[in-house]
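Below is one structure, written out as structure tokens; comments come after it.
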């Protein structure tokens with residue numbers, strides 16, 4: 001009879017224990033009653049400066065460059081420069097044989113002296129009414145012609161010497177002493193290399209974002225790991241109708257003469273700078289047809305999808321211009337495991 005009472009008590013307690021186990025199993029593993037959080041990788045949207053740049057290919061040009069030529073024909077007497085060396089403005093570069101120019105000047109000066117004496121005598125005689133006005137006019141005309149001839153011969157003598165028109169670096173010389181040259185003969189090349197200019201053709205759709213003083217950065221093949229910086233100083237007032245581009249020039253400091261005229265330049269032209277742009281990893285973007293969204297982690301660790309507008313793209317990062325604020329968290333890994341309102345465990 002006692003055994004039967006124990007059996008009945010056991011049968012009554014078993015259903016209660018089974019019910020308690022079922023309730024515990026339906027909750028979280030710890031028995032807290034919440035759903036299981038999905039582990040994800042989240043990133044906090046940052047505010048940082050972002051530069052919108054236009055990448056183009058331009059050409060390096062000298063600040064000043066001139067082909068050195070003599071202004072008269074003659075024989076090369078002296079060459080007073082060394083190839084590849086810097087020269088100063090006004091420095092004597094080359095001198096032609098001055099013999100014939102000096103002789104012509106001496107002859108002109110002799111004629112001028114005689115004509116001046118004749119003119120002064122004629123002026124006195126006219127004053128005393130001893131010669132006619134016509135005779136005086138003839139003497140005055142000869143005097144003026146002689147004076148002009150002297151000035152021309154002086155200029156021809158001066159043209160026998162070639163001076164540097166500005167400071168720069170002299171190039172290779174193309175003539176030798178004793179060589180007969182004409183005024184069309186190229187003697188050398190003079191180049192001003194500091195600063196240099198970079199010339200680039202910019203598509204017309206970007207011209208509204210350009211202005212004088214805008215900064216740019218460029219690199220050249222000769223120095224691939226070095227960046228050169230400059231500022232825009234010229235924007236062409238017209239558009240090339242064949243290419244629909246405008247010529248833009250910028251000035252680049254070049255104290256070491258590393259940049260040479262004719263070099264190709266890969267340049268980044270800064271169009272806009274936004275100091276407080278919202279930036280997130282590109283992996284956080286979810287593309288659905290023509291819409292872009294991100295999964296935002298709320299303060300209670302629940303997630304919701306949110307449409308966003310994408311701005312500038314950078315290596316591994318993307319700017320968000322609308323739909324997201326700095327400091328909000330977005331999921332970068334694990335978006336395929338979540339649903340709207342789901343609980344997540346960000347790391």
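The values are calculated or read from the model by the stated rules, or taken from the named source; none is laboratory data. Small disclaimer: the values here were computed from a predicted structure and weren't measured. Virtual Cβ from ideal backbone geometry, glycine too; neighbours counted across all protein chains shown.
For segment 227-257, a tally of residues being closer than 21 Å to residue 191 by Cα, more than 12 Å from the chain's Cα centre (by Cα) and surrounded by fewer than 15 Cβ atoms within 10 Å (Cβ to Cβ) returns 3.
Checked against the criterion of being within 30 Å of residue 191 (Cα to Cα), modelled with pLDDT of 85 or more, out of contact with any helix residue (DSSP H, G or I) (no Cβ under 8 Å at 6 or more places or on another chain) and not in a strand (DSSP E or B), segment 262-270 contains one or more residues that satisfy it.
If you check 298, 341, 326 for being at positive phi and not assigned by TED's automatic domain parsing to the domain that holds residue 251, only one passes: 341.
For residue 142, the test of being in a helix (DSSP H, G or I), under 13 Å from residue 104 (Cα atoms) and in the same structural domain as residue 116 (by TED's automatic domain parsing) is failed. Among the candidates 319, 276, 258, the residue that is in contact (Cβ under 8 Å) with a residue 12 or more places away in the chain, under 30 Å from residue 58 (Cα atoms) and assigned to a strand (DSSP E or B) is uniquely 319. Scanning segment 327-347 for residues that are part of a helix (DSSP H, G or I) and exposed (fewer than 13 other Cβ atoms within 10 Å of the Cβ) gives 336, 337.
A count restricted to segment 113-146 and to residues that are surrounded by 16 or more Cβ atoms within 10 Å (Cβ to Cβ) and closer than 25 Å to residue 71 by Cα stands at 1.
Criterion applied to 175, 162 was being assigned to a loop (DSSP other than H, G, I, E, B), on the phi < 0 side of the Ramachandran plot and surrounded by 13 or more Cβ atoms within 10 Å (Cβ to Cβ), and the one residue passing it is 175. Annotation for segment 218-226: at least one member residue is part of a strand (DSSP E or B), surrounded by 17 or more Cβ atoms within 10 Å (Cβ to Cβ) and not assigned by TED's automatic domain parsing to the domain that holds residue 311. All of 324, 312 fail the test of being under 30 Å from the mean Cα position of the chain (by Cα) and outside any helix (DSSP H, G or I), apart from 312. Of the strands (runs of 3 or more DSSP E) that lie entirely inside segment 42-138, those containing 2 or more residues that are within 30 Å of residue 222 (Cα to Cα) and modelled with pLDDT under 90 span 46-69. Can you find a residue in segment 234-248 that is in contact (Cβ under 8 Å) with a residue 60 or more places away in the chain and assigned to a strand (DSSP E or B)? Scanning segment 234-248, I find no residue that is in contact (Cβ under 8 Å) with a residue 60 or more places away in the chain and assigned to a strand (DSSP E or B), so the answer is no.
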